[in-house]
Amino acid sequence: MMDQAEQLRQRVSQQLQHSGSTRVIAVTSGKGGVGKTSFSVNLAIQLSKKGKRVVIIDADFGLANVEIMLGIRPQYNMADLIYNDKNMDDIITKGPLDIGFISGGSGVQDMVNLDKEQIKTLIGKLVRLDTLSDVIIIDTGAGISDSVLEFVLSSPEVVIVATPEPTSITDAYSLLKTVNRNKDFTAEEKKIQIVSNRVGSREEGREIYDKLNIVSTKFLNIQLEYLGAIMQDSNASKAVVEQKPVSLAFPNAVSTKCYQEIANRLLELDEEVVKPREGIAKYFLDFMRQKRKKW
């Protein structure tokens, strides 16, 4: 007879068959303070302007940077999805340009403790999110914590944000090195892209990528891709003070135009993702497997 674990796997597989081909992008960085969340929010705005349905999941635990930048206060988070019988529509808070926002809260961390029936229920709810969005941006924490690594390992598409500071470049490489050591990492199944932030020129932005790509290719056998640069811009600093995304506060700013270019580049790459897109439900199933290694 089929055991309970195998029955659960079959039921989850049936649910995943109804999951969409939503594009899931994990945005991360080797250290804090490099503008990772600002990148996530402004990218979401530019993709939304291009007609994409975008949802940001804030997985930077303990901080509320995304909701501060979007000027919204969510009533529910992922924990309510798991424990308080809320549905996906309940926990999505609408921000500017109809961007959806989901606060991770403690719910993402708690996934490691779910029993099999809770996993089945959660996956069923996450399938709904695949029907509500074209692009999901997961704003991870900074650094090389276990949770950051699990998000990166689960994602077929990763954007690493780095600045010209030597520590930012070194820490970005350390993140890559740590990911590469994981036995579940396969470079051929990842699209890892670099964004250079707060640069003085486009040449400087390209230099950051070149430095990372040379050492990554030589020592890790990981080929990185260059997504683009965001220029240093006084308007971006003003937007931070106003607690608004620069793309909304200053639509004609130099940095805003950089975000527009990067959004266009991402859409050009839309058909080039290495792995077939399997949606956010499959993403979180892989995430939970990373946390527990088995279920």
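Checked against (1) in a helix (DSSP H, G or I); (2) closer than 14 Å to V41 by Cα, N264 meets all criteria but (2).
Pick from the range 83-120 the residues that are hydroxyl-bearing (S, T, Y) and surrounded by fewer than 16 Cβ atoms within 10 Å (Cβ to Cβ): which of them is modelled with the lowest pLDDT? Out of the qualifying residues, it is S106. Going through (1) at pLDDT 95 or above; (2) surrounded by fewer than 17 Cβ atoms within 10 Å (Cβ to Cβ); (3) assigned to a helix (DSSP H, G or I) one by one, K211 falls short only on (2). Would you confirm, using the coordinates I've provided, whether K218 is under 18 Å from T186 (Cα atoms), free of Cβ contacts under 8 Å to residues at least 40 places away in the same chain and either in contact with a Phe, Trp or Tyr (Cβ under 8 Å, 6 or more places away or on another chain) or not aliphatic (A, V, I, L, M) (or both)? Taking the combined requirement at face value, the residue satisfies it.
Of the helices (runs of 4 or more DSSP H) that lie entirely inside the range 41-108, those containing 2 or more residues that are more than 17 Å from K125 (Cβ to Cβ) span 65-70. Among the conditions (1) part of a helix (DSSP H, G or I); (2) closer than 26 Å to L70 by Cα, the only one that I123 does not satisfy is (2). When I144, I160, I119, I123 are checked against the criterion of being within 20 Å of I262 (Cβ to Cβ), among the aliphatic types (A, V, I, L, M) and in contact (Cβ under 8 Å) with a residue 40 or more places away in the chain, a single residue qualifies: I160.
Just checking, does the range 187-200 include any residue being among the hydroxyl-bearing types (S, T, Y) and within 26 Å of S234 (Cβ to Cβ)? Yes, some residue in the range 187-200 is among the hydroxyl-bearing types (S, T, Y) and within 26 Å of S234 (Cβ to Cβ). What residue, among those in the range 133-190 that are of a type in the set (D, E, K, R) and in a helix (DSSP H, G or I), is farthest from the chain's Cα centre (by Cα)? That would be R181.
Residues in the range 196-254 that are more than 18 Å from G35 (Cα to Cα) and of a type in the set (S, T, Y): S216, T217. Within the range 38-50, does at least one residue satisfy the condition of being at pLDDT 95 or above, surrounded by fewer than 20 Cβ atoms within 10 Å (Cβ to Cβ) and more than 16 Å from I280 (Cβ to Cβ)? Yes, the conditions are met somewhere in the range 38-50.
Of all the listed residues (E261, E268), the sole one being surrounded by fewer than 19 Cβ atoms within 10 Å (Cβ to Cβ), modelled with pLDDT under 95 and within 19 Å of R202 (Cβ to Cβ) is E268. Scanning the range 171-215 for residues that are without any contact (Cβ under 8 Å) to a residue 40 or more places away in the chain and among the aromatic types (F, W, Y) turns up F185, Y209. Residue under question is R53, and the condition is that it be surrounded by fewer than 18 Cβ atoms within 10 Å (Cβ to Cβ), at pLDDT 95 or above and more than 26 Å from A162 (Cα to Cα); does it hold? Yes: the conditions hold for R53.
The values are calculated or read from the model by the stated rules, or taken from the named source; none is laboratory data. Every value quoted in this text rests on a predicted model; they were computed, and no experiment measured them. Positions of Cβ are generated from backbone atoms using ideal geometry, with glycine treated the same way; all protein chains shown enter the neighbour counts.
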